[in-house]
Amino acid sequence: MSSPASVLQIVAHPDDDLYFMNPATFQAIKAGTPTTTVYLTSGDAYGRNPRPWQVSPPAEDREAYGKARQNGIRAAYGAMALGDRTAAWTPSTLATAGGAVAEVYSLAEAPWVRLVFLNIRQHGTPEGPPRSLHVLWQEEAERVPTLRVSGGLVDEQYWYTRSGLVDTLVQILGLFRPTLVRTMDPDPDRLVHDERFPQHHDFGDLADHSDHTAAGLFSWVALDRYRGPGEDRTFVVEAFRGYSNERWPHSLGPRAVSLKEYFLNVYGAADGYDCGDPAGSGDYAVGLSARGTGWVQSTTPRDPGGIRLGRDARGRLTAFAVVDQQAAVWLERQPGSDRWRGPFFLGGGPLSPGLAVSLTPDGRWQLFARRMSHLGPDHTHRREIVLLEQAEPDGAFAGWVILGNPSAGNPERDRHLGAPAVTRDAMGRLHLFVRNGGQGLHTRVRETDGTWSGWTDLRGHELQEGITALTAPNGRAEVFAASREGVFHWAQGSHLEPLKRAPRFRLTVPASPAAAVVQPDGRVMTVYRQPDTGRLLMAEEDTQGGRWARPAVPIGGRGGFGAVCCAPGDDPETGTLVATRSDLGGIAYRFLPGDHPWQELPTDDLGGLSAHAPAAAFDVFGRAVIAVLGADGRPAVARQAGRGSVGFGPWQALG
């Protein structure tokens with residue numbers, strides 16, 4: 001299968017991609033996927049770049065520091081693509097739609113690897129704060145200047161306005177036509193700073209650098225005008241958290257951390273390497289100190305969900321995903337077949353990744369999503385949960401309905417709304433759950449007559465993004481959420497009671513969202529990442545509907561990052577499939593219970609990696625099916641070779 005994948009990354013500073021997006025960046029480059037990274041600022045905030053061997057601090061030289069960071073990031077990409085930090089680059093310039101001129105470098109022996117430097121100064125004025133993108137986004141400044149880096153390709157200083165920067169990003173999107181766009185987190189968590197979490201790297205009470213956030217917001221505004229890669233291809237978007245990685249349990253294993261650290265050491269010329277440029281060979285402050293920040297030890301997608309997969313009332317597998325920033329659906333032509341229809345685009349955008357889906361008792365699909373309803377300066381943001389449902393089984397979908405936000409009207413919390421999770425209890429009532437702006441849990445309930453309750457606060461605190469809802473065999477709704485302290489659990493005491501959090505239920509600390517399913521034997525199981533190890537943990541009820549007396553136990557794994565997916569088979573002999581991204585960029589999977597080792601599905605044919613977490617389900621013949629969103633912007637499925645087999649067939653692209 002040929003792969004038309006193309007990756008575009010938009011970050012604020014040289015090294016944001018190494019700290020916050022790797023190992024995903026390296027995985028795409030290693031697979032030969034065309035990769036372009038755009039650096040909005042020159043990263044000149046500090047202005048000094050002391051060599052490790054210097055005793056006294058050097059004089060401020062922002063132009064040299066900006067060039068040293070360029071030298072370092074080119075060395076890191078040379079090492080990622082060719083294993084050669086000294087690899088040659090081909091320089092060129094780009095006249096941007098914003099009226100400025102950007103620097104562009106293509107790796108000579110791998111010209112599909114490109115770096116674009118807009119070189120916006122972090123200090124808009126000599127006395128101003130080092131947050132130029134932030135003041136531009138907030139409309140605190142009409143324009144911000146570029147930096148003429150030492151020995152750079154551009155001799156003239158230019159200025160970017162707010163609209164000019166958006167126009168430039170739209171131009172770059174159209175020029176490189178990516179199928180996968182990576183951005184910084186546009187909506188970082190709010191954080192109370194205290195002795196436990198002192199204020200140092202964060203901006204205000206947002207758990208990230210202000211220019212990281214502004215870079216994410218500018219990217220999402222530009223994406224609203226991107227018309228896609230053309231030729232009937234689609235694109236997907238994945239945002240990554242920044243400084244907040246230091247505040248949560250670390251999600252990467254030793255192998256992935258060491259790899260990230262290695263490329264950061266190359267970027268920082270940690271070994272004393274001299275490229276011959278008097279401006280410097282890298283960002284020396286980073287070399288040999290990358291782990292000290294706590295950012296290297298995690299890679300965290302802002303939206304943990306991705307594609308969704310389930311069986312409809314006729315037994316056909318149906319896949320849902322957000323592509324081109326709108327919802328889309330694909331379905332098997334016949335139950336259990338390898339022929340699919342789709343995509344059918346359902347609109348609703350701009351949607352953030354991560355849909356929740358539910359099948360009504362009469363066989364109609366319902367989709368729930370988080371809409372980026374308005375992106376603007378602080379106090380004007382608006383995020384909402386929206387619903388789309390079929391009017392009748394196999395029929396058309398009606399219009400999108402706004403279900404709101406539990407923090408609506410509160411400008412401090414509105415934008416921090418989490419992705420939805422849903423389940424339906426034995427009474428036929430649908431329960432909708434979201435992580436709220438205070439990192440707790442809110443719910444709305446749709447009664448059988450179609451009416452909705454108001455938002456109800458279920459409490460909880462310091463919940464990680466990504467919650468899981470299910471209906472237990474007794475017909476009652478349950479929710480699992482990973483917190484900073486452990487896995488929390490909410491459940492109904494009876495069919496008509498609201499959910500309550502179990503006060504003594506607290507599984508060991510998770511480093512990812514907690515996936516949860518009802519196993520074929522009727523017992524509920526949860527799986528999540530163990531901090532710092534690259535392994536997964538599993539915990540389950542002692543008996544159906546019974547206690548959780550036993551602690552979570554390691555079930556191995558192959559590293560990776562992001563959410564875990566679980567799919568129960570149709571009978572205890574089949575067991576439950578667990579799947580997740582691996583350190584190698586493929587999809588690692590295992591069936592539980594059983595002693596079969598972890599296996600891996602390579603994703604070379606999909607652009608070298610997948611975007612977001614995988615999904616899984618069993619087809620009408622009892623065969624497991626894994627679904628992913630490839631870097632090529634298309635969903636793909638791999639089907640179990642046969643019921644009870646450990647192996648899977650090749651990936652089949654949908655659409």
TODO: Relative to the longest principal axis of the C-alpha atoms of the chain, give the angle of the C-alpha long axis of helix 210-223, reported between 0 and 90° and rounded to the nearest 10°.
DONE: 70
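Subtracting the Cα-Cα distance from 0.36 nm times the residue separation, let me have the gained length for Arg339 to Arg143 in nm, one decimal.
65.3 nm
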Task: In degrees, nearest ten, helix 254-267 long axis to first principal axis of the chain (Cα) - done: 20
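What 222 nm value per residue comes from the helices of the chain, counting each DSSP H run with n ≥ 4 as -39,500 (n - 2.57) and dividing by all residues, nearest 500 deg cm²/dmol?
-3500 deg cm²/dmol
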TODO: Would you order Trp53, Trp400 from fewest to most other beta-carbon atoms within 10 Å of each residue's own beta-carbon?
DONE: Trp53, Trp400
Open item on the list: Using a 7 Å offset from the Cα along the Cα-to-Cβ direction at both Ser163 and Gln599, what is the distance between the two label points in nm, to one decimal?
Closed with: 5.7
Task: Pair Glu195, Val553: separation of 7 Å Cα→Cβ label points (nm) - done: 4.0
Task: Reported label for calculated Cα extents along the principal axes in Å given (i) 70, 50, 47; (ii) 85, 62, 52; (iii) 97, 70, 48 - done: (i)
- [ ] Apply 1/(1 + (r/R0)^6) to the Cβ-Cβ distance of Arg501 and Glu60, taking R0 = 56 Å, and write down the FRET efficiency to the nearest 0.05.
- [x] 0.60
TODO: May I ask you to derive the FRET efficiency for Ala88 and Ser258 from their Cβ-Cβ distance with R0 = 25 Å, giving the value to the nearest 0.05?
DONE: 0.35
Open item on the list: Compute, for region 7-293, the length of the dipole vector about the Cα centre, with Cβ point charges of +1 (Lys, Arg) and -1 (Asp, Glu) only. Units Debye, rounded to 20.
Closed with: 600
Task: Candidate lysines - alpha carbon under 22 Å from Lys30, same-chain residues fewer than 8 apart omitted - done: Lys260
- [ ] Give the order of Ile120, Ile307 when sorted by the count of other beta carbons within 10 angstrom, beginning with the fewest.
- [x] Ile120, Ile307
Task: region 373-411-region 55-83 distance, computed between alpha-carbon centres (Å) - done: 44
Open item on the list: Less than 17 Å from a label point 7 Å out along the Cα-to-Cβ axis of Asp271: which backbone N atoms in region 20-44 qualify, by residue?
Closed with: none
Open item on the list: Charges at C-beta only: +1 for Lys and Arg, -1 for Asp and Glu. How large is the resulting dipole of region 307-417 about its Cα centre, in Debye rounded to 20?
Closed with: 200
Open item on the list: Compute the distance from the alpha-carbon center of region 293-333 to that of region 188-235, in whole Å.
Closed with: 21
TODO: Find the relative contact order for region 307-417 and round it to a whole percent, using C-alpha pairs within less than 8 Å whose residues are 6+ positions apart.
DONE: 17
Task: Those residues of region 366-387 whose amide nitrogen sits under 16 Å from the label point placed on Ile402, 7 Å along Cα→Cβ - done: 369-376, 380-387
- [ ] Sticking with the crude label model, points 7 Å out along Cα→Cβ, report the distance from Phe621 to Thr451 in nm, one decimal please.
- [x] 4.8
Task: Among Pro650, Ala285, Gly152 the positive-end extreme of the charge dipole of the chain (Cβ point charges) - done: Pro650
Task: Summed side-chain charge close to Leu584 - residues other than Leu584 whose Cβ falls under 10 Å, Lys, Arg +1, Asp, Glu -1 - done: +2
- [ ] Can you tell me the FRET efficiency between Gln544 and Ala391 if r is taken as the Cβ-Cβ distance and R0 is 45 Å, rounded to the nearest 0.05?
- [x] 0.75
Task: Alpha carbon centroid spacing (whole Å) that separates region 241-274 from region 578-644 - done: 27
Task: Set of region 54-93 residues, backbone N closer than 12 Å to the point 7 Å along the Cα-Cβ line of Glu109 - done: 78-89
- [ ] List the extent of the Cα atoms of region 307-417 along each of their three principal axes, largest first, rounded to whole Å.
- [x] 49, 27, 18
Task: Exposed-loop-free span, longest in the chain, where trypsin sites (Lys or Arg not before Pro) count as exposed if DSSP calls them loop and at most 13 other C-beta atoms lie within 10 Å - done: 1-195
- [ ] In debye, nearest 20, what is the charge dipole magnitude of the chain about its Cα centre with +1 on Lys and Arg Cβ and -1 on Asp and Glu Cβ, if you could check?
- [x] 1100
- [ ] Report, in degrees rounded to the nearest 10, the 0 to 90 angle that the Cα long axis of helix 162-176 makes with the longest principal axis of the chain.
- [x] 70
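We did not get these values from a lab; they are worked out from the coordinates using the rules stated. The structure displayed is predicted, hence computed values, not measured ones. Because the Cβ atoms are built from the backbone with ideal geometry, glycine has one as well, and the counts that use them run over all protein chains shown.
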